[in-house]
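Colleague: Mind having a look at this structure? Questions to follow.
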């Protein structure tokens, strides 16, 4: 059995892919910026507030708070810098405070002044993370306002600093995202990963049935395997990474004897990827097991089953990993219609001294028997756990006690020493 998962932790029973969706601790920068624009506009009693960005000879509206003026002022609008005030203000040709734009020698002849029209206008440059002033925080009204003064500019500067901090945070996030994407793309393109193999045993006859295949990644930068998957997910490349690992696992699996089952750990999103079936069917999948972790969220079981059913006709089987641990519980077990149910490490760990764990395993064994599924215990790390599983009648198991993940050469040697049988299910 070859299973594709992250691996590398203390317990082999905790090697399934874990993907935690990133959720920021506070409000998103976009929300803070919009609130800042709204507060500034209302404080000054103006009709519109916006943040623009100067990029070359173009001025872009990035954020806008202009109720009732959405047709004229909306995010994504682009104009030549010669048509708007931004570059003139950055160059010092137009002051940051205009009580009446129609009275200034530069702005009075500009078409946009009369198009909205622009009466009073305040604009404060925002410093970016590179130290440049390419953003401006602006408030305007359709009527002149001679009461505006330096104090009002000071207020707008305070709002601009708040917005600027959020923009800097966004820029840093975008910078990190670009770096992460480049790192993952390079990892995939150069195949900078390897596969380690952990034996799966029939503990009733001491024969190896196959291997669980664990993904291994570069140590530079130093991070655990799960971090690579999380990074790939964060930049939308999880499916691409998993597909590359699947190809690597199935390519190496060609050298194993034909009676050794192969298993790949795949997320639901990758199963629904357009290239998933073609990637698998480029290989002999008659002994393949697709393994889903119970921790992974599946929003549409029907779609996942529809993607897997055609593969079943080629002999593909489905396994549910980490059974008994995730919040999905029975929903996962019933929704996946698994051929194999792998007991979570947490059940195995407490088996020898926990009646509750033994009862749960007994219940899963009964369910598996009634549905023609096979139970596999993973994360077996001690003699006590091994003996307790045998006493319960569990036939298949894997874990550090039975064998740690090894390279391909050592896995072949181990297989030759122990012998292998096909799994009759």
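The values are calculated or read from the model by the stated rules, or taken from the named source; none is laboratory data. Fair warning: this is a prediction, and the values are worked out from it, not measured in the lab. Reconstructed Cβ throughout: ideal geometry from the backbone, glycine too, with neighbour counts over all protein chains shown.
Colleague: Go through (1) under 20 Å from residue 75 (Cβ atoms); (2) touching a strand residue (DSSP E or B) at 6+ places or on another chain (Cβ under 9 Å) one by one and return the number of the condition residue 104 breaks.
Modeller: Only one criterion in (1) under 20 Å from residue 75 (Cβ atoms); (2) touching a strand residue (DSSP E or B) at 6+ places or on another chain (Cβ under 9 Å) is unmet by residue 104, namely (1).
Colleague: Hey, which of the helices (runs of 4 or more DSSP H) in the stretch 29-121, taking only ones fully inside, have at least 3 residues that are surrounded by 15 or more Cβ atoms within 10 Å (Cβ to Cβ)?
Modeller: 29-44, 86-90
Colleague: Of all the residues that make up the stretch 127-146, how many are loosely packed, with under 12 Cβ neighbours inside 10 Å and either free of Cβ contacts under 8 Å to residues at least 24 places away in the same chain or closer than 23 Å to residue 81 by Cβ (or both)?
Modeller: Residues flagged as loosely packed, with under 12 Cβ neighbours inside 10 Å and either free of Cβ contacts under 8 Å to residues at least 24 places away in the same chain or closer than 23 Å to residue 81 by Cβ (or both) within the stretch 127-146 amount to 2.
Colleague: Could you check how many residues of the stretch 188-202 are crowded, with 18+ Cβ neighbours inside 10 Å and more than 26 Å from the chain's Cα centre (by Cα)?
Modeller: 4
Colleague: Okay, next question. List, please: which pairs have Cβ atoms under 9 Å, are six or more places apart or on different chains, and start with a residue in the stretch 403-425 that is at negative phi and surrounded by 13 or more Cβ atoms within 10 Å (Cβ to Cβ) and end with one that is part of a helix (DSSP H, G or I) and modelled with pLDDT of 60 or more?
Modeller: So the pair list comes out as 405/411; 406/413; 406/414; 408/252.
Colleague: Let me ask another. Given the criterion touching a helix residue (DSSP H, G or I) at 6+ places or on another chain (Cβ under 8 Å) and under 20 Å from residue 152 (Cβ atoms), identify the matching residue among 119, 92. Give the derivation first.
Modeller: Details: 92 fails: touching a helix residue (DSSP H, G or I) at 6+ places or on another chain (Cβ under 8 Å).
When all the criteria are applied, what remains is 119.
Colleague: Considering only the stretch 172-182, I want to know if a residue exists there that is in contact with a helix residue (DSSP H, G or I) (Cβ under 7 Å, 6 or more places away or on another chain) and in contact (Cβ under 8 Å) with a residue 40 or more places away in the chain.
Modeller: Checking the stretch 172-182: at least one residue is in contact with a helix residue (DSSP H, G or I) (Cβ under 7 Å, 6 or more places away or on another chain) and in contact (Cβ under 8 Å) with a residue 40 or more places away in the chain.
Colleague: For the stretch 171-184, state whether one or more residues are in contact with a strand residue (DSSP E or B) (Cβ under 8 Å, 6 or more places away or on another chain) and crowded, with 21+ Cβ neighbours inside 10 Å. Before the answer, list the steps.
Modeller: The initial filter retains those residues of the stretch 171-184 that are in contact with a strand residue (DSSP E or B) (Cβ under 8 Å, 6 or more places away or on another chain), namely none.
No, the stretch 171-184 contains no residue that is in contact with a strand residue (DSSP E or B) (Cβ under 8 Å, 6 or more places away or on another chain) and crowded, with 21+ Cβ neighbours inside 10 Å.
Colleague: Let me ask another. Please go through the stretch 362-386 and give me each residue that is in contact with a helix residue (DSSP H, G or I) (Cβ under 6 Å, 6 or more places away or on another chain) and farther than 22 Å from residue 404 by Cβ, ordered by number.
Modeller: 375
Colleague: Continuing with the same structure: When you scan the stretch 379-397, how many residues do you find that are outside any loop (DSSP other than H, G, I, E, B) and crowded, with 21+ Cβ neighbours inside 10 Å? Don't jump to the end; show me each part of the working.
Modeller: In the first step, residues of the stretch 379-397 are kept if they are outside any loop (DSSP other than H, G, I, E, B); the result is 383-392, 396-397.
After this cut, where a residue has to be crowded, with 21+ Cβ neighbours inside 10 Å as well, the list is 385-386, 388-389, 396-397.
Total meeting the criteria: 6.
Colleague: Listed residues 321, 309; which is in contact (Cβ under 8 Å) with a residue 60 or more places away in the chain and either not in a loop (DSSP other than H, G, I, E, B) or not assigned by TED's automatic domain parsing to the domain that holds residue 265 (or both)?
Modeller: Going through 321, 309 in turn, just one is in contact (Cβ under 8 Å) with a residue 60 or more places away in the chain and either not in a loop (DSSP other than H, G, I, E, B) or not assigned by TED's automatic domain parsing to the domain that holds residue 265 (or both): 321.
Yes/no per residue for (1) surrounded by 22 or more Cβ atoms within 10 Å (Cβ to Cβ); (2) at pLDDT below 90; (3) in contact with a helix residue (DSSP H, G or I) (Cβ under 9 Å, 6 or more places away or on another chain):
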position	(1), (2), (3)
265	yes, yes, yes
273	no, no, yes
284	no, yes, yes
299	no, yes, yes
306	no, no, no
314	no, no, yes
327	no, yes, no
349	no, yes, yes
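Colleague: Among all residue pairs at least 6 apart or on different chains, which show Cβ distances below 7 Å where the first residue, located in the stretch 338-358, is on the phi < 0 side of the Ramachandran plot and the second is at pLDDT 85 or above and surrounded by fewer than 17 Cβ atoms within 10 Å (Cβ to Cβ)?
Modeller: 352/384; 358/392
Colleague: Any idea how many residues of the stretch 136-191 are outside the structural domain of residue 63 (by TED's automatic domain parsing) and not in a helix (DSSP H, G or I)?
Modeller: Residues flagged as outside the structural domain of residue 63 (by TED's automatic domain parsing) and not in a helix (DSSP H, G or I) within the stretch 136-191 amount to 2.
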